Amino acid sequence: MAGEMVEVTGRSQWFEASPKSESHSAQTLRRLLRNRGATLGGLFLLALVVVAIFAPVIAPYDPIEIYPTEGRQAPSLKHLAGTDKFGRDAMSRIIFGTRISLRVGLISVAIALSIGGVVGLYAGYYGGRADRLICMLVNIMLAFPGILLSLSIVAVLGPGLENVMVAVGISSIPEFLRVVRGSVLSAKEEVYVESAKVVGCSNRRIIFRHILPNVVAPVIVLSTLWVGTAILIGASVSFLGLGVQPPTPEWGLMVSDGRNYLTTMWWLSTFPGVAIALTVLAMNLLGDGLRDALDPRLK
Amino acid sequence: MREYILRQLMTAVPTLLGVSIAVFLMLHLTPGGAVEAIVLQGGAAISAETMAQMREELGFNDPLYVQYWRFFSKAIRGDFGRSYRTHQSVTSMILKALPGTAQLAVAGLAIALVLGLSMGIISALRHNTWIDTACMVVAMLGWSLPQFWLGILFILLFSVYLGWLPITGQGGPGRLVLPAFTLGLSTAGVTARLVRAGMLEILRMDYVRTARAKGLRESVVVLRHVLRNALIPVITVVGLQFGRLLGGTVVIETVFARQGVGRVALQALLARDMPTVQGTVLFLAVIYVMVNILVDFSYAFLDPRIRYA
């Protein structure tokens with residue numbers, strides 16, 4: 001009896017010590033945290049979310065109110081990122097702009113994932129004529145080079161924040177559809193899916209129990225990377241004058257407004273651009289880190 | 001090879017038809033409709049009866065498929081109608097702006113390939129060293145930084161403070177350097193990552209080990225055995241990235257005040273000048289699809305397994 005107890009204890013200690021006893025999520029998190037770039041990116045994004053939530057508390061000035069006596073000031077301790085010609089504090093506008101950029105990124109990805117993911121799942125699993133038609137529609141959307149699809153949709157819907165989110169979301173659908181469809185096609189060929197069909201599992205059960213778990217990892221990676229891309233596209237649309245309208249403090253719009261004052265107020269375009277660059281970089285580092293952490297070949 | 005070419009062309013035709021339908025529908029989905037867009041250009045208020053008469057005269061009361069056939073049969077002959085804003089032929093506006101965009105796109109692609117290939121090759125050959133890290137950091141910065149902001153920074157640094165290069169506009173090669181470099185940098189980043197990943201995979205292959213064991217110089221191993229196979233997926237991505245380059249001309253031409261098809265498209269989008277939007281967007285989409293077909297052909301040429309798939 002004592003010997004059996006020791007064996008059970010020994011085995012349980014061995015389970016606690018061995019990495020193989022960790023859950024898949026714990027292993028993934030451990031690999032992610034070992035990646036310095038991904039950790040930095042994640043921390044920066046966390047900070048960004050905090051700034052967005054507490055913007056009214058953190059920002060020293062109102063982002064829209066005009067202060068005529070404070071106009072055209074270079075960066076200083078009083079105005080960390082300077083002021084524009086209306087005396088508006090650039091740092092306060094950048095802080096409030098965080099809310100807009102994160103909204104554009106997250107909502108666009110949500111739109112793309114919900115439509116592209118569902119349609120991609122259907123096309124990949126059921127195949128046939130529906131799949132061919134969906135692939136043709138994706139090819140048509142992808143034939144619009146670069147940012148032109150987003151710009152065209154905004155031209156139809158009209159300028160404004162909500163329309164930018166919809167436009168960027170719709171133009172992002174092909175990416176999500178392709179990734180989900182590809183993952184479903186791959187998972188469909190697995191032996192366990194075939195076995196599930198043979199024993200009479202319903203399509204719904206096969207999709208939710210066997211197919212979807214294989215789709216989650218690439219979708220998480222793509223979603224993370226695409227939030228950065230969506231923020232970049234949204235800022236570009238606003239920079240070009242078709243997106244968010246003044247006086248809303250949006251980063252791309254701020255860079256555009258500062259363009260005419262490069263020689264006299266260089267800070268107006270520089271600091272909002274730094275904010276966009278750091279945000280997109282952080283998302284890319286985190287997305288790359290997630291891809292490495294979720295890659296089964298590393299197990 | 002002939003069957004492969006025909007297959008690729010057969011795939012392109014419905015795609016381009018679909019793009020033409022989407023572009024045609026843009027005009028009809030615009031709030032207020034096409035006639036209101038024309039009226040907006042004129043600036044004067046017009047009565048409802050006059051608007052209705054205009055709709056009838058311009059054929060906007062005809063069934064949608066009739067209107068589409070009219071648009072399609074003209075577009076196929078290169079006639080996109082007249083601009084609501086300038087009243088010029090849209091085709092002549094595109095042809096006038098085309099050389100500027102072509103110069104920018106080609107120069108941007110050349111810079112992307114030179115930078116991307118160099119960084120990718122050096123990174124792979126110096127894997128896990130500080131050189132590898134530095135190249136990948138530059139690559140990541142290239143595709144993370146917003147092009148419009150990068151362009152503005154380059155103008156500040158090279159034109160305003162250093163005075164080395166002209167700020168904006170059209171003209172000699174000097175005025176192309178900054179715009180092309182800004183445009184090519186993000187594509188260079190993606191290319192560098194791909195080349196590095198491809199080369200690392202191939203460097204581990206048995207035939208590369210054999211080549212080294214036979215005593216071949218490292219440069220011969222890399223150039224003759226590794227690079228050619230590593231470049232095959234790069235060609236596909238460069239074709240796809242060409243779309244990003246074409247779309248990027250809209251931003252770069254605006255930042256550097258260069259005349260080009262992208263800037264014409266943007267001005268038309270801002271003014272809701274729909275015939276010009278239709279013409280420029282359709283034109284750029286056709287170019288992009290054609291470039292991708294050429295990329296597919298070169299892919300099949302380099303890798304015979306693709307032709308027979």
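The values are calculated or read from the model by the stated rules, or taken from the named source; none is laboratory data. A quick note: this is a predicted structure, and the numbers were derived from the prediction, not measured. We place every Cβ from the backbone using ideal geometry, glycine too, and count neighbours over all the protein chains shown.
Annotations for the structure displayed:
- Residues that are more than 10 Å from chain B (Cβ to nearest Cβ) and either over 18 Å from B:Gln267 (Cα atoms) or of a type in the set (Lys, Arg) (or both) within the range A:235-253 comprise A:Pro246, A:Pro247, A:Thr248, A:Pro249, A:Glu250, listed in sequence order.
- For the residues B:Met26, B:Met51, B:Met93, B:Met10, the requirement of being away from chain A (no Cβ under 14 Å), at pLDDT below 90 and assigned to a helix (DSSP H, G or I) singles out B:Met51.
- Scan of the range A:271-293 for residues that are at the interface with another protein chain (Cβ under 7 Å from one of its Cβ atoms) and within 19 Å of A:Met91 (Cβ to Cβ), ordered by number: A:Gly273, A:Ile276, A:Ala277
- Contact map, the range A:271-297: first residue acidic (Asp, Glu), second residue not in a helix (DSSP H, G or I), Cβ cut-off under 9 Å, separation 6 or more or different chains; pairs are A:Asp288/A:Asn35; A:Asp292/A:Asn35.
- A count restricted to the range A:254-269 and to residues that are in contact (Cβ under 8 Å) with a residue 12 or more places away in the chain and either at the interface with chain B (Cβ under 7 Å from one of its Cβ atoms) or basic (Lys, Arg) (or both) stands at 2.
- Helices (runs of 4 or more DSSP H) completely within the range A:97-179 that count 1 or more residues being at the interface with chain B (Cβ under 10 Å from one of its Cβ atoms), at pLDDT below 90 and within 24 Å of B:Leu245 (Cα to Cα): A:128-142, A:148-157
- Any pair with Cβ under 9 angstrom, 6 or more apart, that starts in the range A:180-207 at a residue that is free of Cβ contacts under 8 Å to residues at least 40 places away in the same chain and of a type in the set (Ser, Thr, Tyr) and ends at one that is in a helix (DSSP H, G or I) and surrounded by 13 or more Cβ atoms within 10 Å (Cβ to Cβ): A:Ser186/A:Gly124; A:Ser186/A:Asn214; A:Tyr192/A:His210
- Residue match in the range B:145-160 (condition: in a helix (DSSP H, G or I) and surrounded by fewer than 14 Cβ atoms within 10 Å (Cβ to Cβ)): yes
- Residues in the range B:145-166 that are within 10 Å of chain A (Cβ to nearest Cβ) and touching a residue at least 24 places away in the same chain (Cβ under 8 Å): B:Leu145, B:Gln147, B:Phe148, B:Leu150, B:Gly151, B:Ile152, B:Ile155.
Each row is one residue, and each column tells you yes or no for (1) more than 30 Å from B:Leu95 (Cα to Cα); (2) surrounded by fewer than 24 Cβ atoms within 10 Å (Cβ to Cβ).
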| residue | (1), (2) |
| --- | --- |
| B:Ala192 | yes, no |
| B:Val195 | yes, no |
| B:Glu201 | yes, yes |
| B:Tyr207 | yes, yes |
| B:Thr210 | yes, yes |
| B:Val221 | yes, yes |
| B:Ile252 | no, no |
| B:Leu294 | no, yes |
| B:Phe297 | no, yes |
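- Checking each residue in the range B:97-113 for being touching a residue at least 40 places away in the same chain (Cβ under 8 Å) and loosely packed, with under 14 Cβ neighbours inside 10 Å picks out only B:Ala110.
- Matching entry among B:Thr236, B:Thr249 (being at pLDDT 80 or above and hydroxyl-bearing (Ser, Thr, Tyr)): B:Thr249
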